[in-house]
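Enquirer: The structure's right below; bear with me while I get my questions together.
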Amino acid sequence: MTAECDTRAFWAHPGLCVTGGRLSIAGRDAEAIALEHGTPLYVFDLCRVTERVGALQEALARAGLRYVTRFSMKAQREPEVLAHLRRLGPPVTPQTIGADVCSPVELASALTGGWEGDEISYTGTNVSDRDFEAIVAHPIRLNVDSLSQLRRLGRHAPGRNVGLRVNVRCGAGHLGRSGGSLYSSDRPTKFGIYAEQLPEAIGIAREHGLVLTSLHFHASSYLLRDDLADFAETARRAAEMASVLLQAGCPIDEINAGGGLGLPVAPDQEALDLDAYAAVLAEHLGTLGPVVSVEPGDFLFGESGVLLAEVVTAEDRLGVPFVGLDAGWNLAPDRFIYELPVTCVLCRDALPEAVRLTTITGNINEGDDVFAEGYPFAWAHEGDIVAIVKVGSYCQNMLAPHCGRTKPPAIYFVDRAQAGKG
Ligand SMILES: Cc1ncc(COP(=O)(O)O)c(C=O)c1O
């Protein structure tokens with residue numbers, strides 16, 4: 001990347017920057033990509049995935065941790081991305097990235113992609129008998145998240161190794177619409193075995209000959225720099241629960257701290273300090289003995305993907321500038337599901353000097369299909385191309401074909417000089 005690549009914007013990185021005022025993705029002009037391939041279109045800079053995986057692994061190593069990294073497949077399951085991840089490191093080296101899956105379909109994707117055994121963890125919820133049948137045949141690391149599920153597994157696969165997903169009763173990071181973590185908080189959630197349930201869990205395991213080999217907690221979402229004290233509390237409580245299992249003689253060999261590492265979604269947010277994050281893991285979990293694993297999704301993939309859309313409506317409505325795109329909420333649902341702000345960039349004027357407070361809407365026939373209101377946006381015209389950034393995680397998997405607006409194509413650049421396979 002040359003010095004012309006301006007990464008001043010909070011959403012920018014070497015694979016998504018501003019060159020001569022225009023947005024560039026993996027070194028190519030974003031508007032030119034849209035004109036060549038059409039819109040709506042997902043465009044990926046897979047080098048960003050490599051950079052994020054490397055940065056995380058290096059921070060864990062610098063903290064002195066014995067670590068395992070897996071990616072959360074619910075965030076990304078496109079075959080091109082899976083193939084890229086599988087190439088990142090030879091199996092069973094610190095550079096390997098394994099897969100955490102949450103359904104039989106995701107498990108099949110991991111197996112087809114070449115992951116096997118311990119490289120795969122399965123952390124599902126409300127797992128049915130059908131699901132268990134598909135899972136237990138494979139020697140993967142399986143985490144269950146309630147006593148009821150532990151009993152059900154015991155009936156399916158007595159004698160199997162299993163991990164306990166625990167609920168540490170507090171959370172960290174973005175708290176979303178409920179004002180509390182939907183994963184782990186002081187009110188009951190559907191995830192995880194509570195501290196006072198551990199003796200019963202040990203009893204159920206003994207009854208069915210199940211061997212408790214890991215402890216899993218996922219209690220964070222969109223962790224940023226200021227959230228680490230809360231994250232430390234989740235890790236401290238998880239360590240206490242791991243100690244209970246270890247003292248009961250359970251051969252716990254892995255403690256999984258889940259995902260939840262965040263990326264800034266607004267200019268005033270400060271990025272997570274990976275070394276500080278790894279230091280929290282090392283302080284609370286690193287000395288217990290078991291290997292420490294993490295399974296992020298958004299952090300690894302979010303920044304790698306951009307959605308390009310055409311401006312099909314541009315007019316002032318009752319004095320308010322409106323921009324309408326040929327893409328709707330279903331292609332980039334962060335604002336609608338997680339209440340996170342969406343960032344839109346006008347590709348031909350990506351760092352505008354003059355902005356108007358604009359309403360940006362999509363092409364789904366619902367009043368809620370509004371990406372942003374009062375959004376400081378460049379002066380847009382019909383035919384312009386807009387990039388919605390940070391759509392590399394979750395969006396392709398969550399896509400709902402509402403109004404017949406189905407999944408758009410994607411192109412994947414595997415380097416910052418040449419286009420990859422489409
Ligand atoms: C069990 C588990 N692990 C990992 C993740 C990945 O989370 P994130 O994309 O926030 O890193 C999730 C997401 O909700 C999850 O439920």
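Enquirer: How many residues does region 343-372 contain that are in a loop (DSSP other than H, G, I, E, B) and touching a residue at least 60 places away in the same chain (Cβ under 8 Å)?
Expert: Residues that pass the stated criteria total 6.
Enquirer: Can I ask one more? Taking the stated definitions as given, is SER185 within 16 Å of the ligand (Cβ to nearest atom) and either outside any loop (DSSP other than H, G, I, E, B) or among the hydroxyl-bearing types (Ser, Thr, Tyr) (or both)?
Expert: When the stated conditions are applied, SER185 passes them.
Enquirer: Please work out which residue is surrounded by the fewest Cβ atoms within 10 Å (Cβ to Cβ), limiting yourself to region 64-82 and to residues that are away from the ligand (no atom under 16 Å from the Cβ), more than 15 Å from ASP253 (Cα to Cα) and touching a residue at least 40 places away in the same chain (Cβ under 8 Å).
Expert: This residue is GLY64.
Enquirer: Related question: Report, ordered by the first and then the second residue, all pairs with beta carbons closer than 7 Å, sequence separation of six or more or different chains, a first member in region 153-170 that is within 16 Å of the ligand (Cβ to nearest atom), and a second member that is of a type in the set (A, V, I, L, M) and part of a helix (DSSP H, G or I).
Expert: Sorted first by the residue in region 153-170, then by its partner, the pairs are VAL162/LEU153; LEU164/ALA201; VAL166/ALA238; VAL166/MET241; VAL168/ALA238.
Enquirer: Let me ask another. Of the residues GLY262, GLY249, which single one is within 14 Å of the ligand (Cβ to nearest atom) and either closer than 22 Å to THR123 by Cα or surrounded by fewer than 22 Cβ atoms within 10 Å (Cβ to Cβ) (or both)?
Expert: Only one candidate qualifies: GLY262.
Enquirer: If you check every pair at least six apart or on different chains, which have Cβ atoms under 8 Å apart with a residue in region 122-142 that is assigned by TED's automatic domain parsing to the domain that holds GLY258 first and a residue that is aromatic (Phe, Trp, Tyr) and surrounded by 16 or more Cβ atoms within 10 Å (Cβ to Cβ) second?
Expert: Close Cβ pairs (under 8 Å, with a partner that is aromatic (Phe, Trp, Tyr) and surrounded by 16 or more Cβ atoms within 10 Å (Cβ to Cβ)) amount to THR125/PHE191; ILE135/TYR122; ILE140/TYR122; ARG141/TYR122; LEU142/TYR122.
Enquirer: Ok, one more. What do you reckon, is THR39 out of contact with any Lys or Arg (no Cβ under 6 Å at 6 or more places or on another chain), among the hydroxyl-bearing types (Ser, Thr, Tyr) and under 21 Å from ALA278 (Cα atoms)?
Expert: no
Residue-wise test of (1) closer than 18 Å to GLY89 by Cα; (2) within 14 Å of the ligand (Cβ to nearest atom).
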{"site": "GLU106", "(1), (2)": "no, yes"}
{"site": "SER109", "(1), (2)": "no, no"}
{"site": "GLY114", "(1), (2)": "yes, no"}
{"site": "ILE120", "(1), (2)": "yes, yes"}
{"site": "ASP129", "(1), (2)": "no, no"}
{"site": "ALA134", "(1), (2)": "no, no"}
{"site": "HIS138", "(1), (2)": "no, no"}
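Enquirer: Something else: If I ask for residues that are assigned to a loop (DSSP other than H, G, I, E, B) and of a type in the set (Asp, Glu), which ones from region 373-392 would you list?
Expert: GLU382, ASP384
Enquirer: So, of the residues in region 293-341 that are within 16 Å of the ligand (Cβ to nearest atom) and among the aromatic types (Phe, Trp, Tyr), which turns out to be surrounded by the most Cβ atoms within 10 Å (Cβ to Cβ)?
Expert: Selected residue: PHE301.
Enquirer: Return yes when HIS174 is closer than 30 Å to GLY305 by Cα and out of contact with any Lys or Arg (no Cβ under 8 Å at 6 or more places or on another chain) and no when it is not.
Expert: yes
Enquirer: Still on this model: If you take the residues in region 19-63 that are more than 17 Å from PHE413 (Cβ to Cβ) and over 25 Å from the mean Cα position of the chain (by Cα), which one is surrounded by the most Cβ atoms within 10 Å (Cβ to Cβ)?
Expert: Selected residue: GLY21.
Enquirer: Which of the residues that make up region 95-104 are polar (S, T, N, Q) and more than 14 Å from the ligand (Cβ to nearest atom)?
Expert: GLN95, THR96
Enquirer: Do you know which residues across region 217-252 are under 18 Å from GLU196 (Cβ atoms) and either in contact with a helix residue (DSSP H, G or I) (Cβ under 8 Å, 6 or more places away or on another chain) or part of a strand (DSSP E or B) (or both)?
Expert: Across region 217-252, the qualifying residues are PHE217, ALA219, ARG236, ARG237, ALA238, ALA239, GLU240, MET241, VAL244, LEU245, ALA248, CYS250.
The values are calculated or read from the model by the stated rules, or taken from the named source; none is laboratory data. Just so it is clear, the model here is predicted, and its values are computed rather than measured. All Cβ positions, even for glycine, are placed from backbone atoms using ideal geometry, and neighbour counts span all protein chains on display.
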